[in-house]
Amino acid sequence: MDAERPSPRGRALAAAVGASLAAVLRSRGRRWWCRCGLAAPWVSDAWGPHNSQHLADPYTITHVPHGLLLYALLRPLRGRLSADSRFVLAVGLESAWEAFENTETVIGHYRKTTAAQGYVGDSVANSLGDLAACALGYEVASRLPARASAAVFLALEGAALAACRDGFVLNVLTAVLPMEGVKRWQSAGRG
Ligand SMILES: [Zn+2]
């Protein structure tokens, strides 16, 4: 039977992709960690100065559905690409997205169009946390029937909406097409 899950070798290759992402972000001047210097790996305040600066926060949750989605999108290629190749491709695509998300243009765009006021770009640790969340989503999808993955996707979108008035679908929508109503709703949840 064709394996659906990545092997330890595939995971090692994906980790190498993550290391490359860290190198790219560092070369662009992103800091490793929050400027506060506190070692806390998780911060729960989705709008404070520590957001997107520690390893994980409520926004990290919004990256798990990326993995679920990437698994579903790449699964039709299973006749051509091995489980490891698809996993590494998924992590590579998410890394490309993280690198794109942290270009000055996009950081400025987010600052203007979403609730992320004063946003200065993710720390490298936070980007790696996002990447790990995506890889986790992929691993979960590789173990579950498609319907169960879809249910997890919806549950996580709901959780992200509740926790930080954000989520994958909303994120894509507001990035492409800024909506005043959504912006007001997101701002209303702050403080
Ligand atoms: Zn901090």
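Computed from the coordinates by the stated procedures, all read-outs in this text should not be read as laboratory data. Just so we're clear, the structure is a prediction, and the values are computed from it rather than from any experiment. Because the Cβ atoms are built from the backbone with ideal geometry, glycine has one as well, and the counts that use them run over all protein chains shown.
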How big is the chain in terms of Cα radius of gyration and Dmax, in angstroms?
16.6, 52
What number comes out for the charge environment of Ala99, summing +1 per Lys or Arg and -1 per Asp or Glu over other residues with Cβ under 11 Å away?
-2
Taking 22 Å as R0, compute the FRET efficiency from the Cβ-Cβ separation of Val169 and Glu104 and round it to 0.05.
0.30
Considering only the other residues whose Cβ falls under 15 Å of the Cβ of Ala72, what net charge follows from Lys and Arg at +1 and Asp and Glu at -1?
+2
Surrounding net charge for Val24, when Lys and Arg each add one and Asp and Glu each subtract one, Cβ distance under 15 Å:
-2
